[in-house]
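All remarks here apply to the structure that follows.
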Amino acid sequence: QVQLVESGGGLVQVGGSLRLSCVASGSSFGVNGMGWYRQAPGKQRELVAAIASGGSTFYVDAVKGRFTISRDNAKNTVYLQMNSLKPEDTAVYFCKLTKFAHDYWGQGTQVTVSS
């Protein structure tokens, strides 16, 4: 069983920055990829950024150039650096890990961008 714990969310003004962290319990063996999703009120959960075990990354168009996903395999941690934040980035952000084809989710961390 894998447990994910996110941190780093909060309230920030437009144009500000936040860095989210997600620590995964257990071994990194078998981990295929990790990613960050977000869910705004009344909307479906959407993929924001993902990073494969080999390091390749993916970003949704809305965050390209502003967000950076990275991982520290030694610490079983994935990060999401968010810069130039906009009000539309306001959401609960979730970390997801895929290990041996199973998906595991964190509890989410709230990000609120005020204008």
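The values are calculated or read from the model by the stated rules, or taken from the named source; none is laboratory data. What you see is a predicted model; the values in this text were computed from it and never measured. Reconstructed Cβ throughout: ideal geometry from the backbone, glycine too, with neighbour counts over all protein chains shown. Surface areas here come from the heavy atoms of the whole protein model, side chains and all, with no ligands, DNA or RNA. Shrake-Rupley method; radii C 1.70, N 1.55, O 1.52, S 1.80 Å.
General observations
- Pick from segment 1-11, criterion aliphatic (A, V, I, L, M) and open to solvent by less than 20 Å² (accessible area, probe 1.4 Å), ranking: farthest from the chain's Cα centre (by Cα): V2
- For segment 72-93, the criterion of being basic (K, R), free of Cβ contacts under 8 Å to residues at least 40 places away in the same chain and within 23 Å of V12 (Cα to Cα) is satisfied by no residue at all.
- Count of residues meeting criterion [part of a loop (DSSP other than H, G, I, E, B), farther than 14 Å from F67 by Cα and of a type outside the set (A, V, I, L, M, F, W, C)] in segment 10-57: 14
- Residues that are assigned to a loop (DSSP other than H, G, I, E, B) and modelled with pLDDT under 95 were ranked within segment 60-105; the one that is surrounded by the fewest Cβ atoms within 10 Å (Cβ to Cβ) is A101.
- Note on segment 1-23: residues that are touching a Gly at 6+ places or on another chain (Cβ under 9 Å) and of a type in the set (G, A, S) total 2.
- For segment 18-58, the set of residues classified as aromatic (F, W, Y) and surrounded by fewer than 17 Cβ atoms within 10 Å (Cβ to Cβ) consists of F29, F58, listed by residue number.
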